[in-house]
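Every number here is computed from the coordinates shown, using simple stated rules; none is lab data. What you are looking at is a predicted structure, and each value in this text was computed from that prediction instead of being measured. Every residue, glycine among them, receives a Cβ derived from its backbone with ideal geometry; neighbour counts consider all protein chains shown.
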Amino acid sequence: KQEVTQIPAALSVPEGENLVLNCSFTDSAIYNLQWFRQDPGKGLTSLLLIQSSQREQTSGRLNASLDKSSGRSTLYIAASQPGDSATYLCAVKDLGGFKTIFGAGTRLFVKA
Amino acid sequence: NAGVMQNPRHLVRRRGQEARLRCSPMKGHSHVYWYRQLPEEGLKFMVYLQKENIIDESGMPKERFSAEFPKEGPSILRIQQVVRGDSAAYFCASSAQGGEKLFFGSGTQLSVL
């Protein structure tokens with residue numbers, strides 16, 4: 001049974017700092033991995049999708065890497081801004097399965 | 001170019017009533033997923049549907065919960081005889097194909113009094 005864990009559960013950093021959010025999963029037989037952002041009381045916004053054959057994806061100040069063999073992904077945020085404050089969720093879709101399994105998220109607070 | 005539309009945004013029900021949550025997927029998407037989120041917790045998968053078919057309902061309680069995605073109209077998540085423990089945010093997501101990127105709606109916050 002696939003399980004997704006995110007560390008840390010919460011993070012507070014000063015504006016401008018570079019930071020890394022971690023995600024680990026127990027079953028490496030995945031189809032893809034997706035990072036989402038969730039603002040309080042809102043839905044999820046997709047940030048990056050990495051297919052199982054890919055190693056990383058980049059969008060603006062965001063870079064996500066995938067190491068399938070070790071069951072890990074990282075989300076790197078460069079030059080953090082107060083507007084980056086949100087909960088970041090990692091989600092894994094298994095090979096041959098239909099559901100996407102979510103981690104509990106990392107709550108990020110960027111101080112101005 | 002509307003995204004995934006969920007309504008209502010907030011729904012208040014008394015114990016024993018029925019709750020009906022609606023989800024219209026993005027245009028061109030035929031795959032719909034329902035998730036539940038409790039406060040301070042991650043999203044828990046409930047059910048995956050394609051048009052007129054339930055593909056995977058392994059995350060949905062066997063009692064009181066049902067889902068449908070008819071040929072015409074939105075997907076419906078129905079909760080009969082609601083209890084306080086059903087209070088949560090219910091999110092719908094859609095994709096063009098089963099393995100592709102998920103797009104989420106803004107959710108329905110269900111409160112059971």
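So for B:H10, B:H31, fewest C-beta neighbours within 10 Å to most, what's the order?
Arranged by neighbour count, lowest to highest, B:H10, B:H31 become B:H10, B:H31.
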Over all pairs of distinct alpha carbons, what does the Kirkwood formula give as the hydrodynamic radius of the protein assembly as shown, in Å? 18.0 Å
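Add +1 for every Lys or Arg and -1 for every Asp or Glu among the other residues with Cβ under 15 Å from the Cβ of B:F103, and state the total. Mind showing how you got there, number by number?
Values: positive: A:R37, A:K42, A:K93, B:K27, B:K101; negative: B:E100.
After counting each charged neighbour, the total is +4.
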Please list, in chain and number order, the residues 5+ apart from B:M5 or on another chain whose amide H is under 5 Å from its amide H, with Hs placed from the backbone. B:S24
What list of whole percents do you get for P(r) of chain A, with Cα-Cα distances grouped in 10 Å bins up to the one holding the largest distance? 15, 50, 29, 6, 0
In Å, descending, principal axis extents of the Cα set of chain B: 37, 25, 24
For the stretch A:19-35, in order, what is each residue's ³J(HN,Hα) by Karplus, 6.51 cos²θ - 1.76 cosθ + 1.60 with θ = phi - 60°, in whole Hz (x at glycine and Pro)? 9, 10, 10, 10, 9, 10, 9, 8, 10, 7, 7, 10, 8, 7, 9, 10, 9
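Given all pairs of different Cα atoms, what value in angstroms does the Kirkwood hydrodynamic radius of the stretch B:59-113 take?
13.0 Å
Just to confirm the filter: which trypsin sites (Lys or Arg not before Pro) across the stretch A:1-75 are DSSP coil and have at most 15 other Cβ within 10 angstrom of their Cβ?
On the way: sites: A:K1, A:R37, A:K42, A:R55, A:R61, A:K68, A:R72; in loops: A:K1, A:K42, A:R55, A:R61, A:K68.
Of the trypsin sites (Lys or Arg not before Pro), the ones in loops of the stretch A:1-75 whose Cβ has at most 15 other Cβ atoms within 10 Å are A:K1, A:K42, A:R55, A:R61.
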In whole percent, the Cα-Cα distances of the stretch A:1-42 spread across 5 Å bins from 0 upward as 5, 13, 22, 23, 18, 12, 6, 1
Among B:A19, B:V4, B:M46, which residue has its Cα positioned farthest towards the positive end of the charge dipole of the stretch B:1-55, with +1 placed on the Cβ of Lys and Arg, -1 on the Cβ of Asp and Glu, and the dipole taken about the Cα centre? B:A19
Where Cα atoms sit under 15 Å apart: lysine pairs in the protein assembly as shown separated by 8 or more or lying on different chains: 12
